[in-house]
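**Q** This is the structure I have questions about; it appears just below.
Only the coordinates and a few stated rules stand behind these numbers; no lab work does. Not measured: the values here are computed from a predicted model. With ideal geometry, Cβ positions are generated from the backbone for all residues, glycine too; neighbour counts draw on all protein chains shown.
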Amino acid sequence: MKLFETLRIRAASAVRRQRARVGVADRPARLDVRLDDFDDDGVSMGAPLTLEQWHERVVELLQWAGAMPVRVVARADHPFLAELVRFCHRLEMPVTVRTGPHGLSAARAAELIDRGMARCELVVPVFDDAADGALRALVHGRNSRAASLTVHVHLVVSEASAPAAASAYERARALGVDGVVLAAPLRSAALSASGQAGVRSALAVAWPLQATASVAAAALPRLDGNGPGAPRIGGKCHLGGLRLALAADGSAYICPHKPGRCTGPLASVSEELAAHRKAIRGCDRHCAHPELV
């Protein structure tokens, strides 16, 4: 029954994504819960919610829009992280954890897997010993528990990481990671010639970039151009119909680079969010934020 519910939720999310691409206003296909300022997208926040308030906010979302995949964004040592993973998992919502390597020990990785983490996006500014240790902890926890955990490394492209991006691929593959994602930096930046060569070498590695190959191929021109303001090659932004994010204070928003942060019950602000989605769909600019690529 749990497998059936997971497949049903993912199928419903796929339908919502397709509806968003043709401009049909719909409820979000994914929920992002941001417990702290990890991977900060610049959205201002008030006082953070308590754990009980987070439970209430997730249930409110479930009653308004139905079950959907959830991504919890937080530092690995956040005190609410494991409990919120457990709570969403018990509500039959597939859970992804987006976090960094610091604090992701073997015990913490095992705890998150036991609580129901189905996927981990490990964001690393550079593939160093901390990233290596965190990946070993995740892969060991998956193997020791025979869990169906997907582990992806999100390597943030920068002057520090780009020259060694290809070797980072090889190290990640040797550790048993399922894939590496080249993520554009949080803020726009220009790469040197050696940095650009490093990204090209990484793209030439036979190991695929999962579903983000087109994103990786577009990383260089965006970095060389004006970052988040660079013109989109074609089409419009469909983010507005795909994701609803909840900041650490519980406020809802869709795009961190557009106004439209809403407070109050989700059902009562749904019209406001729908208008915001419409405005975002008209945007023809590239966004270099790692969460939005």
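**Q** Which order, highest average first, do 103-113, 142-152 follow once you tally other Cβ atoms within 10 Å for each residue and take the mean per peptide?
**A** Working: 103-113: 18.5, 142-152: 15.2.
Descending packing order for the listed peptides: 103-113, 142-152.
**Q** 5 Å is the cut-off here: which amide hydrogens, built 1.01 Å from N in the peptide plane, fall below it relative to residue 73, excluding neighbours closer than 5 in sequence?
**A** Amide H neighbours of residue 73, under 5 Å, 5+ apart: 33, 34, 35, 98.
**Q** Still on this structure, I have one more. Taking θ as phi - 60°, what are the ³J(HN,Hα) couplings along the stretch 108-124 by the Karplus curve (6.51, -1.76, 1.60), each to the nearest whole Hz, with x for Gly and Pro?
**A** 5, 4, 5, 4, 5, 5, 5, 7, x, 5, 9, 8, 10, 9, 8, 8, 10
**Q** Sticking with this structure for a sec: What residues qualify as long-range amide H neighbours of residue 154, i.e. H under 5 Å apart, gap of 5 or more or another chain, H built at 1.01 Å from N?
**A** 122, 123, 124, 181
**Q** Oh, and also: Can you sort 180, 58 so the residue with the fewest Cβ neighbours within 10 Å comes first? Write out the running numbers ahead of the final one.
**A** Values: 180 28, 58 19.
Lowest to highest Cβ neighbour count: 58, 180.
**Q** Please find the FRET efficiency linking residue 173 to residue 92, where r is the Cβ-Cβ separation and R0 is fixed at 30 Å, and quote it to the nearest 0.05.
**A** The calculated FRET efficiency here is 0.40.
**Q** To make sure I understand, if each residue's beta carbon is the centre and we count other beta carbons within 10 Å, what order do 93, 45 fall in, fewest to most?
**A** Details: 93 23, 45 16.
Fewest to most other Cβ atoms nearby, the residues stand as 45, 93.
**Q** Set the Förster distance to 25 Å, then compute FRET efficiency between residue 129 and residue 193 from the Cβ-Cβ distance, nearest 0.05. Walk me through the numbers before you get to the answer.
**A** Working: r = 28 Å, r/R0 = 1.11.
Given R0 = 25 Å and the Cβ-Cβ separation, E is 0.35.
**Q** How much FRET efficiency would the formula 1/(1 + (r/R0)^6) give for residue 279 and residue 75, where r is the Cβ-Cβ distance and R0 is 35 Å, rounded to 0.05? Working shown, then result.
**A** On the way: r = 32 Å, r/R0 = 0.91.
According to the calculation, E is roughly 0.65.
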